[in-house]
Amino acid sequence: MSQTIQDQVHLRGDRRLLVTGGAGFIGANFIHHWQARYPGDRLVILDALTYAGNLQNLDALPAQDQFQFVQGDICDRPSIDALLREEAIDTVVHFAAESHVDRSIFGPAAFVQTNVVGTFTLLEAFREYWNQQQQPEHYRFHHVSTDEVYGSLGPSDPAFSETTPYAPNSPYSASKAGSDHLVRAYHHTYGLPTLITNCSNNYGPYQFPEKLIPLMCINILLGKPLPVYGDGQNVRDWLYVGDHCSALDAVIHRGTPGEVYNIGGNNEVKNLDLVQALCDLMDELAPALPVRPSRELITFVKDRPGHDRRYAIDATKISTKLGWIPAETWQTGLRRTVEWYLTHSAWWQPLLSKKPSFRYVNMNSLELFPATSL
């Protein structure tokens, strides 16, 4: 596409997005959100389709020429170069990542490769492409990260803000911290128009069943134990994925390049309280359960190494600067999520045999058991 056509596209307000990890949980929800609001934009979806990537996540998208799916690896520089150039991309939204903490404990190499090397590869490709296009101001490289880079909070510590020092405690969070630092450095060194968002725990439709909420829903339906790490008093700030997508939308359109924005749901909940509430919802909404009440399935298991005690996000900056606030409380979002899993068994049932992944790892014997992933 010529520079003149690119300028015309930008004047119309249409963007041409490369979305990495777009067949995964948050990425797919973002694709649905963006398409519904900006049907004139071009969406190029790049996903390696590892165990957590699922093309069924994109089935509900209308068939039209505004979408292209490409199966590929973010570490494949020639392919990234070709996509940026051939699709005249102006906005990269980077979700692709290894994201399961338990997996990172026993297989950290994959996390460094994807999260650090992959992000570096994307940055280098986008920097060269951006320079070739004479550094247009409207281009954006949006890096989606996590609150886990900040480490752990005590019961009375203030919530994580954008100025909280990084203190990652797992190979996963360390790899995400490394990628955050690379993105920041590329803005300050090269002037690349980057954005970073650090979000709290997401939940909602299309989440792979190794994560806490879908795992618990499915185990309740199957009458299996509901494993909770340690004493269950670890605290997380829960963010409904639809709220996360609307926040990303606000940052891409109104955020200042070089800035970091924390995205939280204002919903601090203890793990055990969340599981108990989930049990009660399942008892209410599921017509026939093998074990009722579902709370009888709760099983406490040995805590995992380096388990952060509390996460909490201070979302003041994105609220005051960009006018974003979450629409869902954890109670309303949890109900919507449970209803989705109850009505979409055709989506999650095939995943149960896709990978032996919904596991708790006994650190002494390496015995596998379903995990909370928190």
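The values are calculated or read from the model by the stated rules, or taken from the named source; none is laboratory data. It should be emphasised that the depicted structure is a prediction, and the values quoted were computed from it without experimental measurement. Quick reminder, even Gly has a Cβ in these numbers, built from the backbone with ideal geometry, and neighbours come from all protein chains shown.
Every residue, every condition in (1) touching a residue at least 24 places away in the same chain (Cβ under 8 Å); (2) more than 15 Å from Leu46 (Cα to Cα); (3) assigned by TED's automatic domain parsing to the domain that holds Thr189, yes or no:
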site: His94; (1), (2), (3): yes, no, yes
site: His100; (1), (2), (3): yes, yes, yes
site: Ala110; (1), (2), (3): no, yes, yes
site: Thr121; (1), (2), (3): yes, no, yes
site: Glu128; (1), (2), (3): yes, yes, yes
site: Glu137; (1), (2), (3): yes, yes, yes
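From Ser294, Ser246, grab the single residue that is out of contact with any Ser or Thr (no Cβ under 7 Å at 6 or more places or on another chain) and assigned by TED's automatic domain parsing to the domain that holds Leu123. So that I can check it myself, show each step before the final result.
Details: Ser294 fails: assigned by TED's automatic domain parsing to the domain that holds Leu123.
That would be Ser246, the only listed residue that is out of contact with any Ser or Thr (no Cβ under 7 Å at 6 or more places or on another chain) and assigned by TED's automatic domain parsing to the domain that holds Leu123.
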The one condition Pro227 fails out of (1) touching a Pro at 6+ places or on another chain (Cβ under 8 Å); (2) assigned by TED's automatic domain parsing to the domain that holds Phe106; (3) crowded, with 21+ Cβ neighbours inside 10 Å; (4) not hydroxyl-bearing (Ser, Thr, Tyr) is (2)
Give me a count of the residues in region 217-232 that are in contact with a Cys (Cβ under 9 Å, 6 or more places away or on another chain) and not in a strand (DSSP E or B). 1
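Please indicate, with yes or no, whether at least one residue in region 295-302 is more than 21 Å from the chain's Cα centre (by Cα) and either buried (at least 20 other Cβ atoms within 10 Å of the Cβ) or of a type in the set (Gly, Ala, Ser) (or both).
The answer is yes; a qualifying residue exists.
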Criterion (buried (at least 22 other Cβ atoms within 10 Å of the Cβ), out of contact with any helix residue (DSSP H, G or I) (no Cβ under 7 Å at 6 or more places or on another chain) and part of a helix (DSSP H, G or I)) met by exactly one of Thr119, Thr114: Thr114
Looking at (1) modelled with pLDDT of 90 or more; (2) part of a loop (DSSP other than H, G, I, E, B); (3) of a type outside the set (Lys, Arg); (4) crowded, with 21+ Cβ neighbours inside 10 Å, which is the only condition Asp308 fails? (1)
Residue check: is Asn262 surrounded by 17 or more Cβ atoms within 10 Å (Cβ to Cβ), of a type in the set (S, T, N, Q), touching a strand residue (DSSP E or B) at 6+ places or on another chain (Cβ under 9 Å) and farther than 30 Å from Thr189 by Cα? no
Before we move on, is Gly72 modelled with pLDDT under 95 and not hydroxyl-bearing (Ser, Thr, Tyr)? no
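Considering each of Ala96, Ala110, Ala125 in turn, give the residue that is over 19 Å from the mean Cα position of the chain (by Cα) and not charged (D, E, K, R). Don't jump to the end; show me each part of the working.
Details: Ala96 fails: over 19 Å from the mean Cα position of the chain (by Cα); Ala110 fails: over 19 Å from the mean Cα position of the chain (by Cα).
On inspection, the qualifying residue turns out to be Ala125.
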Among the listed residues Asp76, Asp47, Asp59, which satisfies the condition of being acidic (Asp, Glu), closer than 22 Å to Ser246 by Cα and surrounded by fewer than 23 Cβ atoms within 10 Å (Cβ to Cβ)? Asp59
Looking at region 182-216, which of its residues are in contact (Cβ under 8 Å) with a residue 60 or more places away in the chain, on the phi < 0 side of the Ramachandran plot and either in a strand (DSSP E or B) or small (Gly, Ala, Ser) (or both)? Thr194, Leu195, Ile196, Thr197, Asn198, Cys199, Ser200, Asn201, Asn202, Tyr203
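Residues in region 10-23: is at least one assigned to a strand (DSSP E or B) and either among the acidic types (Asp, Glu) or over 23 Å from Thr194 (Cα atoms) (or both)? Give the derivation first.
Start the filter on region 10-23 by keeping residues that are assigned to a strand (DSSP E or B), which leaves 16-20.
From the residues that got through so far, the ones that are either among the acidic types (Asp, Glu) or over 23 Å from Thr194 (Cα atoms) (or both) too are none.
No, region 10-23 has no match at all.
Sort out which residues of region 40-68 are within 16 Å of Leu18 (Cβ to Cβ) and under 19 Å from the mean Cα position of the chain (by Cα), and write them in order of number. Spell out the reasoning first.
First, pick out the residues of region 40-68 that are within 16 Å of Leu18 (Cβ to Cβ): 41-48, 53, 58, 66-68.
Leu43, Val44, Ile45, Leu46, Asp47, Ala48, Gly53, Leu58 - these are the residues of region 40-68 that are within 16 Å of Leu18 (Cβ to Cβ) and under 19 Å from the mean Cα position of the chain (by Cα).
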Looking across region 189-213 at residues that are polar (S, T, N, Q) and within 11 Å of the chain's Cα centre (by Cα), the single one that is nearest to His253 (Cα to Cα) is Thr197
